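Please read the structure below before turning to the comments.
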Amino acid sequence: MKVYDAASIRNVALVGHTGSGKTQLASAALFDAGAVNRFGKVDEGTTITDFDDEEISRKHTLSASLAHAEWNKCKVNLIDTPGIGNFFSDARAALQVSDGALVVVDAVSGAMVQTEKGWAAADELGLPRMVVLNRLDRERASLDRALESLRTSCSRAVVPIQLPIGAEKGFRGVVDLVTKKALVYQADGSGKFTEGPVPGDMTAAVDAAREALVEMVAETDEQLMEKFFEAGSLTDDELVAGLRSAVAGAKLFPLVCTSGLLNIAIQPLLDAVVAFVPSPSERPFNALDKSGTPVSRQADERATASAFVWKTIADPFAGRITMFRVVSGSLKSDSTVQNKSKDVPERLGHLELLQGKTQVPVPEIKAGDLGAVAKLKDTLTNDTLGDKADAFSYSPMGFPEPVLSYAIEPKSRGDEDKISSAMHRLEEEDPTIVYSRDPQTKELLLSGQGQVHIEVTVAKLKRRFGVDVNLKPPRIAYRETIKAATEAHGRHKKQTGGHGQFGDCKIRLEPLPRGADFEFVDDIFGGSIPRQFVPAVEKGIQEARTRGYLAGYPVVDFRVTVFDGSYHDVDSNELSFKLAGSLAFKDGMSRAKPTILEPVMNLEVRAPSDYAGDLMGDLNSRRGRIGGMDTRGTTTIIKAQVPMAEILAYEQHLTSATGGRGSYHMEYSHYDEVPAHLQTKIIAAAKAERGGAEAEEG
Ligand SMILES: Nc1nc2c(ncn2[C@@H]2O[C@H](COP(=O)(O)OP(=O)(O)OP(=O)(O)O)[C@@H](O)[C@H]2O)c(=O)[nH]1
Ligand SMILES: [Mg+2]
């Protein structure tokens, strides 16, 4: 394997809506460039980048993966990313280590939710972009319609640099608007084509599109603008150079036309990547110095070595696989580097280049290139590897908090320990899942970005780590509280010969603001309860409040003040005062207007505006409170607060209601009171459950 310097590397991430054909496109590119000798198909499970069992069986990319090919003397690193919204953070991470994004768009549907999301993420990073208008061989595919949707939802600066030859089933190739050459393909998957003049019936369209391109390029640069006005046009060289710097500055986004499945017009796409996407040597990488001030690092081969870890894979056999971008210097196999984020040394074994799942060992990886290494000890995603003496680290990426939790339970008893070690490793691989134990219900909880995400994680647990679990319907963590202040009395007395028991206390209960949890105040004067027994009263109340009063959920946001009581010289002891506390609590709760609280979520829904009315109606019926509505192009964004209990299955609803064109984001907001008629149901359900449990115990 050759070693490439930064100027001869192109790092591009393929992003876009699920089903737009990213994986198929990567497969065609690798085949046409001769990196592999078989044209892999998504539908046959034979692509390089969808290699995971789960990806093959679902026919969707679930995790970003890396492949590479040599094209026009450059090493093109392709990162194929998931288009399903639940896995977006992996696409986001891929963009972080790329110098350009290939935004892949289905020519039938045009811009979709994940197109926009990918676009926005690239925008935030100031990343150069090209649009790949794919699946042009399909019925109802249209450059004009797709371009219009891209211009409204992504950017007005999307500009075709090719026109398609033939339409739908008859799509055969492209005319290059710069060179005015036509490439006509065999459309048999071989990727073979012949070059010729512009077909006669296309000359007018080609001239008009070329003129539009020239004008848009000229508008990005004053000097070019002047030349354009003087000469009435631009030379090919001026056009290419102008386009190159406009792309690098994210001022223009060239659009190319392809069919990944029929292997049409992939070579000109690769040509455009090499010609227009900047090399790592032109894009400094953001870092933070010791004081947290932003600094940037050049892809300078002679500088000290440093690398940014953008992804970790939990492989049950190979252990941890760490994927990184060498930002500066050169990383060497069998060397020791410093993990700057954790301030510990790391021993590097064999460095590897990745071709999907295939690992190719190499002696070194230079600045600007992407690679991997297995079995690092302490290094995880977001860490910086580098020189001990250097005082900077690369800016870490943010990951979204989970929005949904499911209780899981091992299918076979005794698998709990296995679950926890496997989950720990999956958490390293996927920072958007959280594994925990519910403090109230004691159940094991798996939290993630949505139902598909949870299902895929559970499937990984099984396939990779041999742990089979049942997914239970998610449980709502209700709480109880009080709405009125009251005084209460509890007395525990037992005198049946021998040693008796005596404890007696008077308490006051008062509501506290939401989130205050619990306060205990000792207001005993004159020793009506001996000092040493006051903690027992508190303990009794604490235990009683975690058991709940109405429906077994913990009672929160209230204060208890113990202000009086009495004792017996011989019979009083800790246990008696604990019981007295618990009795006083129950007595107080009966008058303190107890009520049930539920978690409420902040919800943001995006969908084509046609669906807005229906979606709002649906949210109302889910007890949602609409907080605002906004339109962006043809998309409507609805913001609402909805009780968690009402949107557990929202994902399926949204998908079916919008034909997959809607997306949502959800996060915890606050606790709010449950309406009375629903409280009755919750209490009845709890009673039924407890009845069962008590019968079992008895
Ligand atoms: N007709 C036609 N079908 C295509 C083309 N490209 C991809 N497909 C098919 O579209 C489906 C989705 O293709 P993928 O490459 O898996 O799409 P993706 O963008 O990677 O999807 P995710 O991995 O879910 O994000 C597969 O059945 C492909 O065979 C194309 O150019 N023309
Ligand atoms: Mg894919």
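Can you pull out the residues in region 514-531 that are under 18 Å from GLY490 (Cα atoms) and in contact with a helix residue (DSSP H, G or I) (Cβ under 8 Å, 6 or more places away or on another chain)? Those that are under 18 Å from GLY490 (Cα atoms) and in contact with a helix residue (DSSP H, G or I) (Cβ under 8 Å, 6 or more places away or on another chain): PHE520, ASP522, ILE524, ILE529.
Looking at the structure I just gave you, is SER582 of a type in the set (Ser, Thr, Tyr), closer than 30 Å to HIS489 by Cα, surrounded by 19 or more Cβ atoms within 10 Å (Cβ to Cβ) and within 47 Å of the chain's Cα centre (by Cα)? Against the criterion (of a type in the set (Ser, Thr, Tyr), closer than 30 Å to HIS489 by Cα, surrounded by 19 or more Cβ atoms within 10 Å (Cβ to Cβ) and within 47 Å of the chain's Cα centre (by Cα)), SER582 qualifies. LEU370 meets all of the listed conditions (1) under 25 Å from the mean Cα position of the chain (by Cα); (2) open to solvent by 10 Å² or more (accessible area, probe 1.4 Å) but one, namely (2). Taking into account only those residues within region 79-99 that are farther than 20 Å from GLY660 by Cβ and open to solvent by less than 10 Å² (accessible area, probe 1.4 Å), which is nearest to the chain's Cα centre (by Cα)? Checking each candidate, the answer is ALA93. No other residue among GLY613, GLY660 is on the phi > 0 side of the Ramachandran plot and among the small types (Gly, Ala, Ser) apart from GLY660. Do we have any residue at all in region 24-33 that's closer than 23 Å to ARG464 by Cβ, more than 9 Å from ligand 1 (Cβ to nearest atom) and part of a loop (DSSP other than H, G, I, E, B)? No, the conditions are met nowhere in region 24-33. Right, GLY16: touching a Leu at 6+ places or on another chain (Cβ under 9 Å), open to solvent by 10 Å² or more (accessible area, probe 1.4 Å), on the phi > 0 side of the Ramachandran plot and near ligand 1 (Cβ under 8 Å from one of its atoms) or not? For GLY16, the condition - touching a Leu at 6+ places or on another chain (Cβ under 9 Å), open to solvent by 10 Å² or more (accessible area, probe 1.4 Å), on the phi > 0 side of the Ramachandran plot and near ligand 1 (Cβ under 8 Å from one of its atoms) - is not met. The residue of region 71-108 that is nearest to VAL327 (Cα to Cα), among those that are away from ligand 2 (no atom under 16 Å from the Cβ), touching a Lys or Arg at 6+ places or on another chain (Cβ under 9 Å) and charged (D, E, K, R), is ASP99. The set of residues in region 473-491 being under 21 Å from THR546 (Cβ atoms), open to solvent by 30 Å² or more (accessible area, probe 1.4 Å) and assigned to a strand (DSSP E or B) consists of ARG479 alone. Return yes or no: is VAL217 surrounded by 16 or more Cβ atoms within 10 Å (Cβ to Cβ) and assigned to a loop (DSSP other than H, G, I, E, B)? For VAL217, the condition - surrounded by 16 or more Cβ atoms within 10 Å (Cβ to Cβ) and assigned to a loop (DSSP other than H, G, I, E, B) - is not met. A Cβ distance below 8 Å, combined with a sequence gap of six or more or placement on separate chains, defines the contacts here; from region 341-364, residues that are within 23 Å of GLY40 (Cβ to Cβ) reach residues that are loosely packed, with under 14 Cβ neighbours inside 10 Å and modelled with pLDDT of 95 or more in the pairs GLU352/PRO361. The residue that is nearest to ligand 2 (Cβ to nearest atom), counting only those in region 37-70 that are closer than 30 Å to ALA7 by Cα, over 25 Å from the mean Cα position of the chain (by Cα) and in a loop (DSSP other than H, G, I, E, B), is GLY40. Residue check: LEU66 meets all listed conditions (1) within 30 Å of PRO284 (Cβ to Cβ); (2) in contact with an Asp or Glu (Cβ under 6 Å, 6 or more places away or on another chain) but one, namely (2).
Here is the figure for region 34-47: residues that are free of Cβ contacts under 8 Å to residues at least 24 places away in the same chain and more than 13 Å from ligand 1 (Cβ to nearest atom) total 2. With respect to GLU428, determine if the residue is in contact (Cβ under 8 Å) with a residue 40 or more places away in the chain and either open to solvent by 20 Å² or more (accessible area, probe 1.4 Å) or over 17 Å from ILE313 (Cα atoms) (or both). When the stated conditions are applied, GLU428 passes them. Taking the numbered list (1) more than 30 Å from MET112 (Cβ to Cβ); (2) modelled with pLDDT under 95 in turn, PRO594 passes all entries but (2).
Residues checked against (1) in a strand (DSSP E or B); (2) open to solvent by 60 Å² or more (accessible area, probe 1.4 Å):
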site	(1), (2)
ARG623	no, yes
ASP630	yes, yes
LYS639	yes, yes
GLN652	no, yes
ARG661	no, yes
MET666	yes, no
HIS670	yes, no
ALA686	no, no
ARG690	no, yes
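Screening VAL274, VAL247, VAL240 for residues that are within 29 Å of the chain's Cα centre (by Cα) and more than 30 Å from ARG464 (Cβ to Cβ) leaves exactly one candidate, VAL247. Do the conditions hold for THR115, that is, is it closer than 16 Å to LYS357 by Cβ, within 12 Å of ligand 1 (Cβ to nearest atom), β-branched (Val, Ile, Thr) and in contact with a Gly (Cβ under 8 Å, 6 or more places away or on another chain)? Criteria not met by THR115. Figure legend. Inter-residue proximity from region 204-222: first residues closer than 14 Å to ALA157 by Cβ, second residues open to solvent by 50 Å² or more (accessible area, probe 1.4 Å) and outside any helix (DSSP H, G or I), beta-carbon distance below 6 Å, spacing 6+ or different chains. Indicated pairs: THR220/LYS251. Restricting attention to region 263-288, the residues that are open to solvent by 10 Å² or more (accessible area, probe 1.4 Å), farther than 17 Å from SER98 by Cβ and in contact with a helix residue (DSSP H, G or I) (Cβ under 9 Å, 6 or more places away or on another chain) add up to 1. The set of residues in region 114-166 that are closer than 24 Å to ASP630 by Cβ, within 16 Å of ligand 2 (Cβ to nearest atom) and open to solvent by less than 20 Å² (accessible area, probe 1.4 Å) comprises GLN114, THR115, GLY118. A single member of SER27, SER8, SER57 is farther than 15 Å from ILE266 by Cα, surrounded by 19 or more Cβ atoms within 10 Å (Cβ to Cβ) and polar (S, T, N, Q), and it is SER8. Only residues that are open to solvent by less than 20 Å² (accessible area, probe 1.4 Å) and over 14 Å from ALA305 (Cβ atoms): list them for region 320-351, please. Result: ILE321, THR322, MET323. ALA303 meets each of the listed conditions (1) open to solvent by 10 Å² or more (accessible area, probe 1.4 Å); (2) assigned to a strand (DSSP E or B) apart from (2). The C-beta contact set for region 554-575 (first residue over 23 Å from PHE525 (Cβ atoms), second residue of a type in the set (Asp, Glu) and in a strand (DSSP E or B), distance under 9 angstrom, 6+ apart or interchain) comprises PRO554/GLU480; VAL555/GLU480; VAL556/GLU480.
The values are calculated or read from the model by the stated rules, or taken from the named source; none is laboratory data. This is a predicted model, so every value here is computed, not measured. In this analysis, Cβ positions are derived from the backbone assuming ideal geometry, glycine residues included, and neighbour counts consider all displayed protein chains. Keep in mind that these areas ignore ligands, DNA and RNA; they rest on the heavy atoms of the full protein, side chains included. Shrake-Rupley method; radii C 1.70, N 1.55, O 1.52, S 1.80 Å.
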